[in-house]
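Worksheet: one structure, shown below.
Readers should treat all values here as calculations from the given coordinates under stated rules, not as data from a laboratory. Keep in mind it's a predicted model, so treat the numbers as computed, not measured. Cβ placement follows ideal geometry from the backbone for every residue including glycine, while neighbour counts extend to all protein chains displayed.
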C-alpha cells in the first residue's frame, strides 16, 4: 500500500468506485503535470445514502460541510483511478466549490471547508490549495455540493 492509502485506512476512509459522467464530458484531463478533474458530487455515506438538498433550506451548513467532505472522498477516488497511486499527488492546486444554496445563505466558504479540511488531513501541506466557493441556485440531481479540482502530479 502507498503512504496515502495507509493514511486513509487509519482515518477509516474506504474509497468508492468513482461515478461515471452524467453528460458528454470526460472525468479528468491531464496536460503536462496538471490533472484537471471534472466536477464531482458527494460519495455515498456508510449507510448508502447520498446527501441531497439546498444548503440553508433543506440542510444546515454543518450538513453541507459533511456533503463537501464526501465530495473530497470522491475526488480522492477519482485521482487514484486516474493515476493509480495517490502518492503521485505533488500539490492540490485549486478547487472550485459550488454550493446549492438557499437565496439568503452566505456560508459557502464554511461548507467548502469540508473538502478542503479533508485534503489537508490526507496530504498535509501538499493538500493546501487556492479555492473559490460560490453559491448556485441548483446543482445536477439536487446535490448540495459539486467541486472540481486541479492537481499537480509527479511521474
R0 = 35 Å: FRET efficiency of residue 57 with residue 128, Cβ-based, nearest 0.05?
0.65
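Under 1.5 on a/c is rounded, so check that first for the stretch 1-68, then, if it is not, pick prolate when a/b is larger than b/c and oblate when it is not; a ≥ b ≥ c are the square roots of the alpha carbon gyration tensor eigenvalues.
Verdict is oblate for the stretch 1-68.
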Gaussian network model of the chain, springs between alpha carbon atoms under 10 Å - residue of 36, 25, 65 with greatest fluctuation
25
Can you put 126, 54 in order, fewest other beta carbons within 10 Å first?
126, 54
Give me the distance between the Cα centres of the stretch 84-155 and the stretch 17-45, rounded to whole Å.
13
Counting each DSSP H run of 4 or more residues in the chain as -39500 (n - 2.57), what helix-only mean residue ellipticity at 222 nm follows after dividing by all residues, to the nearest 500 deg cm²/dmol?
-10000 deg cm²/dmol
Cβ-based exposure ranking for 63, 3, in which fewest neighbours within 10 Å come first
3, 63
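Suppose R0 equals 30 Å. What FRET efficiency, 1/(1 + (r/R0)^6) with r the Cβ-Cβ distance, do residue 137 and residue 46 give to the nearest 0.05?
In this case the efficiency is close to 0.50.
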Give me the percent of DSSP beta bridges within the chain that run antiparallel, rounded to the nearest 5.
65
Could you list 38, 2, 116, 10 so that the one with the fewest beta carbons within 10 Å of its beta carbon is first and the one with the most is last?
10, 2, 38, 116
Prolate/oblate/rounded call for the stretch 35-155, Cα gyration tensor, a/c under 1.5 rounded:
prolate
